[in-house]
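S.K.: Quick one: this structure, given as structure tokens, is what I'll be asking you about.
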């Protein structure tokens, strides 16, 4: 299945629109998102967890585009953010601060102030917020706290500002998520979360604090978690901790299950979201009946398969054993293959009708395919989008679609080798909107145009 994308008479379509027409109108490389696919993924997740009355906070880091955030907000999503910049994006997208969870291990004092009091927003005084009231927007719904040092800073700043900060303690349950080592976050050697003994001490230390209210617990064991069992073990750990904390007189009103729900980059490579929900519902439904609020932070599962990267072939280079299809999109546009050795299905957007795939499987049962590496223009050997793939014949000027690119694609794009970041397009039925213009060289150079002297005070 290709989710919100389909081949019609050999031409890839996004909704009712031909992908080639988008590439011709907007240029390449360009990210294209299907609004219908985003809606379908959100509703599927919502239905799967319905017995737990889950509150969904979209993980903005997956795809931070304002229009994508606005679309998810229109479906009822709150937002999960990991920086002050993402917090401001979520607010600009129409999310009240009380429906935003602020996570991340390295929150600065400036970010904490902005999350507690709009007067300290980095957007204050800029044209982006002209006519909008920052002063009374309130405090963030909750901080997911990663360390005792962070909690101390939040308490001090909240006291300074005369506000009350709501906090969830992120627990490190020491559970192996069995995912790529770069995206596992729930083991004791990872930088994320707080070990169980320190969690108990923090609850005791801040029991009656005037400026901090600890409302619950949070965990996040990794991204693209391929199995249900690590979530089950984590919830079992958290359930025991909740019982212990409640036994000591602490109120636990909220449990944040984090995210990490996988998206299938190839059909059948991971369980569906319903399998995760079905395993967790029996562990939590009694607590929900007793008043516990359950939160999830989906990102990839909503966006990955709702987006493609369109890239145009610049050259085809024949090697001894295979060909290199050299495109204008590469690791600067989509770094996941280089960084995580991630798989993305790649196929031309226009092919003879007999070569139109119906799935994202790496092996396609067609004749006339040729072994190929799909690579980019970057001066790095790690610059590739796909290696050792059997692809139809393609030539200079043809457009390829890199599938499952909606999550952690544009949000991780860079300017390496002075390439501008791609454009972003949102397709809703037959409506096509450029929701982020292609970055120009002029824009990239703007912050370097006027060097300024800085006076440095000499320390004795």
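S.K.: Please give the strands (runs of 3 or more DSSP E) falling wholly within segment 396-460 in which 1 or more residues are surrounded by 11 or more Cβ atoms within 10 Å (Cβ to Cβ) and at pLDDT below 95.
M.R.: Correct list: empty, since no element meets the threshold.
S.K.: Right, here's the next one. Quick one: in segment 175-193, of everything that is surrounded by fewer than 22 Cβ atoms within 10 Å (Cβ to Cβ) and touching a helix residue (DSSP H, G or I) at 6+ places or on another chain (Cβ under 8 Å), which residue is modelled with the highest pLDDT?
M.R.: Applying the filter and picking the extreme gives 176.
S.K.: Show me the strands (runs of 3 or more DSSP E) entirely contained within segment 37-138 in which 1 or more residues are closer than 23 Å to residue 307 by Cα and not assigned by TED's automatic domain parsing to the domain that holds residue 308.
M.R.: 55-59, 78-81
S.K.: Sticking with this one: For the list (1) touching a helix residue (DSSP H, G or I) at 6+ places or on another chain (Cβ under 8 Å); (2) surrounded by 20 or more Cβ atoms within 10 Å (Cβ to Cβ), I need the number of the one condition that residue 380 fails.
M.R.: (2)
S.K.: For segment 316-340, which residues satisfy the criterion of being farther than 14 Å from residue 378 by Cβ and either in contact with a strand residue (DSSP E or B) (Cβ under 8 Å, 6 or more places away or on another chain) or without any contact (Cβ under 8 Å) to a residue 40 or more places away in the chain (or both)?
M.R.: 316, 317, 318, 319, 320, 321, 322, 323, 325
S.K.: Moving on to the next point. Could you count how many residues in segment 73-108 are closer than 26 Å to residue 221 by Cβ, modelled with pLDDT of 95 or more and out of contact with any strand residue (DSSP E or B) (no Cβ under 6 Å at 6 or more places or on another chain)?
M.R.: Qualifying residue count, segment 73-108: 10.
One line per residue, one yes/no per condition, for (1) buried (at least 19 other Cβ atoms within 10 Å of the Cβ); (2) under 30 Å from residue 6 (Cβ atoms); (3) in the same structural domain as residue 394 (by TED's automatic domain parsing); (4) at pLDDT below 95:
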{"residue": "266", "(1), (2), (3), (4)": "no, yes, no, yes"}
{"residue": "271", "(1), (2), (3), (4)": "no, yes, no, yes"}
{"residue": "274", "(1), (2), (3), (4)": "no, yes, no, no"}
{"residue": "282", "(1), (2), (3), (4)": "no, no, no, no"}
{"residue": "292", "(1), (2), (3), (4)": "no, no, no, no"}
{"residue": "296", "(1), (2), (3), (4)": "yes, yes, no, no"}
{"residue": "318", "(1), (2), (3), (4)": "no, no, yes, yes"}
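S.K.: Which ones in segment 387-404 are farther than 12 Å from residue 328 by Cβ and touching a helix residue (DSSP H, G or I) at 6+ places or on another chain (Cβ under 7 Å)?
M.R.: Result: 392, 401, 404.
S.K.: In the list 393, 422, which residue meets the criterion of being closer than 27 Å to residue 10 by Cα and out of contact with any strand residue (DSSP E or B) (no Cβ under 6 Å at 6 or more places or on another chain)?
M.R.: Matching residue, one of 393, 422: 393.
The values are calculated or read from the model by the stated rules, or taken from the named source; none is laboratory data. If you're wondering where the values come from, they're calculated on a predicted model, not measured in any experiment. All Cβ positions, even for glycine, are placed from backbone atoms using ideal geometry, and neighbour counts span all protein chains on display.
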